[in-house]
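A.B. asks: Take this structure, written in structure tokens, and hold onto it; I'll ask about it next.
The values are calculated or read from the model by the stated rules, or taken from the named source; none is laboratory data. Fair warning: this is a prediction, and the values are worked out from it, not measured in the lab. In this analysis, Cβ positions are derived from the backbone assuming ideal geometry, glycine residues included, and neighbour counts consider all displayed protein chains. Just the protein is used for accessible areas: all its heavy atoms, side chains included, with ligands, DNA and RNA removed. Shrake-Rupley method; radii C 1.70, N 1.55, O 1.52, S 1.80 Å.
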Amino acid sequence: MSASAGDREPAGTPLDNAKEEISGPTCTGDNSKHDSAVCSGNTEIKSRAVVKYSAAPPPTSYALLQEKTDLKLPPANWLRENPQLGSAGTTVLGSSSKSKPFSSFGMAYDFIDCIGDDVDVVSDSENIKKLLKIPYSKSHVSMAVHRVGRTLLLDELDIQELFMSSSQTGDWTWLKEFYQRLIDQKWQRKKKSKEHWYQKAILSKFLYYSINGDGAAEPVPDNLNEGEEENESEEFSSSWPTTFTSTSSDAEEQDASKQESVPMDSKFALGQVTSVFKEQNLPMLFNEGENSQGLRNDFVRNIMWTFEDIHMLVGSNMPIFGGGRYPAVSLRLRDNNKPINILTGIDYWLDNLMCNVPELVMCFHVNGIVQKYEMIKTEDIPHLENSTFSTRVVKDIAQNILSFLKSNCTKEGHTYWLFKASGSDIVKLYDLTTLCEEAEEEKCQNPFTLPVAVLLYKVASNLMLKARQNRKHYGTIRTLLLNCVKLLDQERHPQIIASAHYMLSELFQLDEPPQEDGGESLQAGGSEDSYSDEDREEEEEEEAELLENSDENSSYSSCSRSHDDSKAVAVIRSVGELSVPEKYKSTHQIRPSGPFPVSHDKEERCRHVLSCVLKGLKAVDGSIKKESDLPAADPNTPIPLKYEDRSAAEACAAETGISLLMERAGPLHADQKHPLRSGMIPGSWQHRMKLQLFLKASKAYYVLSDAATNLLKYGRALRYIKLSLQSYDAYCSVSGTLHPQVLHFHSHCLSLCGDIQLMLAQNAHNRAAYQEEYSYQTKEDQEILHSLQRESSCQAFNMATDLAMDPEYQLFISNKCYEAAYDLLISEALTDHDSDQLAQVLKRLGNIRNEMGVYYMNQAAAMQTDKEVKKSVSVAEQEMWKKSFSFFEKGMKDFEAIRDRTNTALLLCNTGRLMRICAQAHCAVSADQSRGEFSPEEALYYNKAIDYYLQAMKSLASRESHPAVWDSVNWELSTTYFTLATLLQDYAPLSRKAQEQIEREVTEAMMKSLRYCDLQTESARQPLYQYRAATIHHRLASMYHSCFRNQVGDEHLRKQHRSLAELHYSKAVRLFLSLKDAPCELLRTLLERVAFAEFTMAGQSSSTAKLKSLTGAIEIMTETRFAFQMIHKELLEEQTELNEPKPSESAECPDVAGGPGSGLNIQEVMKLIGVFEPSFSFLMLQVIKLMTTMKRKPSNKDEELLKTYKNVYSKLLRAEKNAPLLSRVLLHMELLQQLTSQTESEDAGAHS
């Protein structure tokens, strides 16, 4: 009898919890929870039984029948359905109904968790008993064996009934021919004897009497008995139904008979195949409640029986009663004239062990008349008179048979046939699947094919749940699914095949790389007992070698088979060998046939996924019949891709495309009821499966695109993201509503598309290579696209994924993609979702807007540079400024929204740069095209730039927050102040402002620029800061010098200007000296300082004061030797560089040593020397005059000093004016060194 899954009790329910026993002590304590030990001499057999499911009510006490009760008379309740007897109540079978051909599959489906790993055998208890009695019995054995992982499924294969049904259906004809040719040439059906049915009938009546209570028996007419017996024989002759459905009711029988013309596969029930899927959001495969009688679990109870080290899931229908000293007993009826033989004893013993029943109640009769009762303990059964057997031997038989089957039934999905002819000692194992293939029969000719495939599928889907936590199952799942697909015909079973391929695609993790230590566990994760053909051949060779060297010739070796056995996979030569301990201990090394293909390469994993997706789509497409309405497309013809530059005229078309993109990016809400483009019905399994496959394809292409982006293959990345978005478009076309997770994934796709378009815009120089990558397409991609186009035009995202030639258009598209992703993330559908992605998209939006702002800013700067004549600002320039400023402003808002202070500072910095470009564009031009006065517009924009730079500094708060950005902003701010001051100083707006006001503004701007010159921090910019600081001091000194010369009247102000000029000149000289690479600037500053000293001397009247001023000017002049030393060094280096490439040529004149590539400005040097020489001569002449006209008597030192001055002056006068530059520099160095030496000796004497 059957029960729904909801009625079934929890797995692992102990026998007492299942209320199979009444309360009371037992021989082994709580025998439902603990192992029970069966003693046999000095040996002990371990047995443990746990009820996984029971449909029977709590056992009630059995009725003791009065002596002389006639069992030939039926009781009043006979053949009425009774839950106490289970299926034994509706038939005249004593303990169990005839085993159905798929009974093990029904149990396997109900307890799918146990299949593949935990359980060794799944079978009807009758089959287990039949196998364990093989050495003791002469009767025939015929069983179908299937392997799923480590588990073997055993089912009775009644050859006689099979061939009876095959004469009507045409199935199994190849097996019938094979059977007649090799096994039983004169096959004919054997009829059951009348005695057989008589014994069955009185057993059934006995059981009904035992639950009747009052023992009353009512006679029934003889003709009724005869009719019943006819019905009984009819019933038992059809236990292998033609349509493989159960005969549980007349209505079902009638339905089955009406459908006899329908192929078996179309009727076959796949009822609960996808119960596992509901939990993991995978598509529902099969409709619950659909015609599923063929695979029902009809046993009264399912028991997990552990016999020694063998774990078995057993189905049993044995009625269990309460009573006696024990809470459970089994009832048996025996003819008093026939002693119990060893077969009956083993039968009773195994039944009680499997059901954990501690006692047997035996009722003896003579010709149907009850004689007496006898109670026997289960552990005493092996020692009964005439029925003595060794429990240890039974254990050895069990272990040998299991080893034999496991060693030879190696291929998942294959149907094996274990056969022993009646009266024979030889047991043979055949591979029916291989025989069927050799007979060139279709897959459907083996009725076990579909149940096996479905079971493989169910075990795989169940493991998928566990695989979420432990990836070691992946190899096993893959093996199961590949074997499942191999068994099925795509035309007949597209649903299972498509689902299997989808599950295979699910095994490859796209969102995370494999663990470093995961390789081994995955490689070892194949189905442990499944072998490849190569492995099998190797093992047979190893076996043959072992057997040649062994005294004991294994009975299932292939080397000693007769011609009859050539088709058998393995043979047991004598059933007696099964009793030999460990005779068939397996020597096979367990190796996986299909290890999970571990790859650390993302592209390879995605290709595996897409291959599975394509196979799944083909299966689905093949099942949709409406072929005539499909769009014409050849999967072998590449789709033409057009490339053209985008012009301004196409802006309207671009906007239209973007609006479509935005519309498709939003959530859908319309429920579809009409057939889709391909003719697929919404809500059908094809519809559900396509949704999953389209989404999987989209994710795989997304990962491929991301990987290509990381490899800088932007053309390939754009092609993959195009395919990803086309897959998503097709998904939208067949989906009524979009799940938030799908929308979230879509925002990732749009964001990645924006990244790729941005990279393409920034790498325009590689456009040809990108174009080649973009146009390439694999055949697999073409076929997937063809399948997508059955449901959608796939055009919604064309604007976003086309490869354009114009960088501006690419930036525009990138911006729109990010905007679409942002709008999606802030939509109502995703309001409750993770904000990390929103922050990422806002960051990208800020970045792309910065890029576009910079692009338009550079365009404006280029327009300014390209102007041949300085004119007023053009409208085009102003338009560029506005665009640039708008994007910078939006970008700042994006970064402020995520509190990204660093990037906000960068955008403020770029806005400051834009203001400087605006200022440069507004510079005034006079009538002769020369630079005019500093205009108020320039001042306005420079001050705006300063404001933005100061905001950037405020945003960063301190240098520690981001040193690089801080230094950059600091430099730009200093530069802007410096530029403003320089322009004010060089092009003073005297027409608008007073000189004093301009000087104040210049001083203020210069000092602010100086404040931001970071001279302390060691960095790449430190020399630049030093040079700028030196230049600022030089310019300020020059300005105060000029003020001092031009100031009249206010002596206090003149003194102030004089001291400030001296201060800044000294600071400028010190900084230029520290730079070591600015000789011209140093020389100019010193010459200006000498001129300042000369001007000071000119205003003095006393000779002493003039001499002091002249001496000070000469000291300043001697410092110019450092500048000449640097100039001399650079001139020598340049001369060496010119001579090295062409040593044969004569050296050119040093005057032309400063070519275009020279670091030294020769013209500037010549100009400065032209100022230096007369100034030096003038100083020498004046000091000589003063010293010779002094009234006081000169000292010896003064005379020596005068002599030196005269010597230097004479050399200056005699120097050739047209001498080479290098010679003149050397002369000046020599003269200055003389003066320096003289001055130093004078100083030393003064100190002494």
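A.B. asks: How high is the relative contact order of the range 964-1075? Use alpha-carbon pairs under 8 Å, at least six apart in sequence, and give a whole percent.
C.D. replies: About 24 percent, as a whole number.
A.B. asks: Take the alpha-carbon centre of the range 364-378, take the same for the range 998-1045, and report the distance between them in whole Å.
C.D. replies: A separation of 124 Å, based on Cα centres.
A.B. asks: How do 584, 136 rank by accessible surface area computed with a 1.4 Å probe, from largest to smallest?
C.D. replies: Numbers: 584 0, 136 65 Å².
From most accessible down to least: 136, 584.
A.B. asks: Related question: For the pair residue 44 and residue 879, how long in nm is the line joining their label points, each one 7 Å along Cα→Cβ?
C.D. replies: Taking the simple label geometry, residue 44 and residue 879 are separated by 9.9 nm.
A.B. asks: For the range 675-778, what value does the Rg/Rh ratio take when both radii are computed over Cα atoms and Rh is the Kirkwood radius, given to two decimals?
C.D. replies: Working: Rg = 15.5 Å, Rh = 14.6 Å.
For the range 675-778, the value is 1.07.
A.B. asks: Right, something else. What full-extension length gain, to one decimal in nm, is calculated for residue 994 and residue 836 as 0.36 nm per residue of separation minus the Cα-Cα distance?
C.D. replies: That pair, residue 994 and residue 836, stretches by 51.1 nm at full extension.
A.B. asks: What does the accessible area of residue 783 come to, in Å² to the nearest 10, when a probe of 1.4 Å is used?
C.D. replies: 40
A.B. asks: For residue 359, which sequence-distant residues (separation of 5 or more, or a different chain) have an amide H within less than 5 Å of its own amide H, given hydrogens modelled in the peptide plane?
C.D. replies: When sequence neighbours closer than 5 places are left aside, the close amide H contacts are 330, 378.
A.B. asks: Starting from the residue with the highest accessible area, list 388, 1111, 709 in decreasing order, probe 1.4 Å.
C.D. replies: Ranked from most to least accessible, the order is 388, 1111, 709.
A.B. asks: What FRET efficiency comes out for the pair residue 603/residue 1192, r = Cβ-Cβ distance, R0 = 60 Å, nearest 0.05? Write down the numbers at each step before the final one.
C.D. replies: Numbers: r = 97 Å, r/R0 = 1.62.
According to the calculation, E is roughly 0.05.
A.B. asks: Under a plain spin-label model, where a point goes 7 Å from the Cα along Cα-to-Cβ, how far apart in nm are residue 373 and residue 385?
C.D. replies: In this crude spin-label approximation the distance works out to 2.2 nm.
A.B. asks: Enumerate the whole-percent occupancy of each 10 Å bin, from 0 to the last occupied one, for all C-alpha pair distances of the range 1026-1137.
C.D. replies: All Cα pairs considered, the percentages come to 14, 40, 30, 12, 3, 1.
A.B. asks: Using 0.36 nm per residue of separation minus the Cα-Cα distance, give me the extension gain between residue 805 and residue 1219 in nm, one decimal.
C.D. replies: On the way: separation 414, 0.36 × 414 = 149.04 nm, distance 5.99 nm.
Gain on stretching residue 805 to residue 1219: 143.0 nm.
A.B. asks: Additional query: Any chance you could look up the accessible area of residue 863 with a 1.4 Å probe, heavy atoms only, rounded to 10 Å²?
C.D. replies: Ignoring ligands and nucleic acids, residue 863 comes out at about 60 Å².
A.B. asks: In Å, the Kirkwood hydrodynamic radius of the range 897-956 over pairs of distinct alpha carbons?
C.D. replies: Taking every pair of different Cα atoms in the range 897-956, averaging 1/r and inverting gives 12.5 Å.
A.B. asks: Over the Cα atoms of the range 833-911, compute the convex hull volume and normalise it per residue, giving Å³. If you can, show how the numbers build up before the last one.
C.D. replies: Numbers: hull volume 5.8 nm³, N = 79.
Expressed per residue, the convex hull around the Cα atoms of the range 833-911 is 73 Å³.
A.B. asks: Turning to a different aspect of this structure: Pairs of Cα atoms under 8 Å, at least six residues apart: use those to get the relative contact order of the range 876-948, whole percent.
C.D. replies: 28
A.B. asks: Which FRET efficiency value, to the nearest 0.05, do you get for residue 1011 and residue 1076 by plugging their Cβ-Cβ distance into 1/(1 + (r/R0)^6) with R0 = 25 Å? Could you put the intermediate results ahead of the total?
C.D. replies: Details: r = 25 Å, r/R0 = 1.00.
In this case the efficiency is close to 0.50.
A.B. asks: Per residue, how large is the accessible surface of the range 767-893? Use a 1.4 angstrom probe and give square angstrom.
C.D. replies: It amounts to 45 Å² per residue over the range 767-893.
A.B. asks: Sticking with this structure for a sec: What FRET efficiency, computed as 1/(1 + (r/R0)^6) with R0 = 35 Å and r the Cβ-Cβ distance, is obtained for residue 1237 and residue 1059, rounded to the nearest 0.05? Walk me through the intermediate numbers first.
C.D. replies: Working: r = 31 Å, r/R0 = 0.89.
Once the sixth-power term is evaluated, E becomes 0.65.
A.B. asks: Hey, rough spin-label estimate for residue 889 and residue 1177, points 7 angstrom out along Cα→Cβ, what's it come to in nanometres?
C.D. replies: 6.5
A.B. asks: With a ≥ b ≥ c the root eigenvalues of the C-alpha gyration tensor of the range 721-786, is it rounded (a/c under 1.5), prolate (a/b larger than b/c) or oblate? Display every interim value, and only then the final one.
C.D. replies: On the way: a/c = 4.29, a/b = 1.49, b/c = 2.89.
In terms of gyration-tensor shape, oblate.
A.B. asks: Sorting 301, 48, 1011 by accessible area (1.4 Å probe), largest first, what list results?
C.D. replies: Largest to smallest exposure gives the sequence 1011, 48, 301.
A.B. asks: Convex hull over the alpha-carbon atoms of the range 890-1014: what's its volume per residue in Å³?
C.D. replies: 102
A.B. asks: Work out how much length residue 961 to residue 1004 would gain on full extension: take 0.36 nm times their residue separation and subtract the Cα-Cα distance, in nm to one decimal.
C.D. replies: On the way: separation 43, 0.36 × 43 = 15.48 nm, distance 2.89 nm.
Length difference between fully extended and current span is 12.6 nm.
A.B. asks: Same structure, new question: At what distance in angstrom do the alpha carbon centres of the range 1085-1119 and the range 477-510 lie from each other?
C.D. replies: Their Cα centres are 100 Å away from one another.
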